[in-house]
Structures are given as structure tokens and as C-alpha cells.
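A quick write-up on the structure given underneath.
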Amino acid sequence: MTGYILLQANNKKYSIESIDAWHETKMTSSNEPAPLAVSASSQYSADYPAWRAFDGSIANVGSLNNCWITANGVKVGHIQLDFGRTTTIRGFSLTPRQNSTAASGINCMPKKFNFLGSNDGINYFLISEYKNEIWSAYTEERKFVLSKPVKYRFYKFEILENNGGTYVSIGEIKFLKGVVMSELPTGSLQNFINYGKGLLSNLDQSINIKTYVTQDEVSKNDKGLRTSILDRKPLYIEMI
């Protein structure tokens, strides 16, 4: 065990999850893997469904580009991911359809769009809005970092204008995780191995999730469960 890092404050031990971790979606259909679900305002054909934008890949599918495309001639619309539960993110990235022809690739990417969040799929709240987003290459993955983390179940991209193409197409959408701080019961060797990090950076980011690790290798319980006294009320608690 070399180079593993934990943080300590007020005699408590903490682990910080990777700052640049992305939520894995890897969709294989509109509702697999559960509980994820994808929907969109329209699609070009069965070959270009909305879930292709969340399948974790931009590799071509046979002779077809791996992407979501709206109905032909439709330059506006929306695409949405339902995480199945409230999920904290602090940003997202968009990658164009992998087509070197500008009219089919970068020209069909969103130019003006709103990013919305909802917890019931009915009432949506504006998280951020974007204008004049122009892609220079079909290989460009553009990251959008929010001013602060947000926590919703549904995330929707409302596309108001594209870059001049005959429809909207997006190759891949990814969501950046919120920074997670985990409080550990002890600073034991095993916890260093299990939760220690090799590198910590950008610690000025807002931390909106605090988890409490309740497993301790000295416990007689086969699951290693123990209690933890909470000294403050975090925005979100997850027992791991």
C-alpha cells in the first residue's frame, strides 16, 4: 500500500471520491439497466433512439453512427434521463454524432438549449441555460460544469436551436458526479486500502453529499455494521 490518502479533521477520518468521476449509464434500451429510463420528444428512426445518447459509447453500430437523432426536419425537442432516484450531479458533457460531414455531425448539435431538473417528472426547474454553443469538430467532447451541484431525479435537455442542420443529433451525454465525502469509523490499514485515494485535487469544490461508512473489520457482525453518531445534518446521507 503506497501513496493512499485519507483526510482528518477534528479527530475524524474522511475519504473524498474522485473529483472527475462520471455517472455510468451504459443504456442498452430505453429502460435498461433499471432503474434508468430515457425518453425524447422524437426520433429519426428505430436506428437512432434516445437511449443511444446514454449508452456510454460513441463507437458506430454496424454501418450506423451511435447517436440520438430527432425526426427528420425537426430542429428542436428534448431528451431526458430518469435516474430512478434523486441523483447529485455537478455538470455534464455533450459529444457530437461521429460523422465527419459537418451537416450530419456538428451542425446538428444543440446551439441554444436549457438544462432542466425535476423530482416528479412534471414540475421542472431551470438549472442553467446555454446560448451560441458551436462545435468545432465532431470529435469534441464539451464539458459543462455547473456553478454548484444540483440534486434531481430527472434531467432534461430542452433544445431550442441547433447549429443549422436539418435535425438535432447528439452522440453521447454524460453526467459529472457531485463530490462525495465519506466519514470513516477508523483510520485503520484496511480503510486506507478500501477508501484511500492516490490523488486529491480541486478540493475547493462544493461537497453536497456526506456518506457514513459503517463497516469496520473488527466487528463480529458478518456485514460489519455499526452505528455512527451524526454531529450535523448533511444534505444527503447514504449508508455504504
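The values are calculated or read from the model by the stated rules, or taken from the named source; none is laboratory data. On a predicted model such as this, the values are computed, not experimentally measured, just so you know. Because the Cβ atoms are built from the backbone with ideal geometry, glycine has one as well, and the counts that use them run over all protein chains shown. Just so you know, the surface numbers come from the protein's heavy atoms only, side chains and all, with ligands and any DNA or RNA stripped out. Shrake-Rupley method; radii C 1.70, N 1.55, O 1.52, S 1.80 Å.
Those residues that are within 23 Å of Asn119 (Cβ to Cβ), of a type outside the set (Ser, Thr, Tyr) and open to solvent by 10 Å² or more (accessible area, probe 1.4 Å), I need them from segment 150-180; list them, please.
The answer is Val150, Lys151, Arg153, Phe154, Lys156, Glu158, Lys174, Lys177, Val180.
Please enumerate the residues belonging to segment 99-112 that are buried (at least 16 other Cβ atoms within 10 Å of the Cβ) and either assigned to a strand (DSSP E or B) or over 21 Å from the mean Cα position of the chain (by Cα) (or both).
Listed by number, the residues that qualify are Asn99, Ala102, Ser104, Gly105, Ile106, Asn107, Cys108, Pro110, Lys111, Lys112.
Right, Ala46: open to solvent by less than 60 Å² (accessible area, probe 1.4 Å) and either in contact with a Pro (Cβ under 6 Å, 6 or more places away or on another chain) or among the small types (Gly, Ala, Ser) (or both) or not?
Judged against the criteria, Ala46 is not a match.
For segment 113-144, give me each residue that is open to solvent by less than 80 Å² (accessible area, probe 1.4 Å), part of a strand (DSSP E or B) and not hydroxyl-bearing (Ser, Thr, Tyr).
Once the filter is applied, which keeps residues that are open to solvent by less than 80 Å² (accessible area, probe 1.4 Å), part of a strand (DSSP E or B) and not hydroxyl-bearing (Ser, Thr, Tyr), segment 113-144 yields Phe113, Asn114, Phe115, Leu116, Gly117, Ile127, Arg142, Phe144.
So is Arg90 outside any loop (DSSP other than H, G, I, E, B) and of a type in the set (D, E, K, R) or not?
yes
Restricting to segment 58-78, and then to whatever is farther than 16 Å from Ala46 by Cβ and in a strand (DSSP E or B), can you tell me which residue is least open to solvent (accessible area, probe 1.4 Å)?
By that ranking, first place goes to Gly77.
Answer yes if at least one residue in segment 159-167 is among the hydrophobic types (A, V, I, L, M, F, W, C) and in a loop (DSSP other than H, G, I, E, B), and no otherwise.
Looking through segment 159-167, none of the residues is among the hydrophobic types (A, V, I, L, M, F, W, C) and in a loop (DSSP other than H, G, I, E, B).
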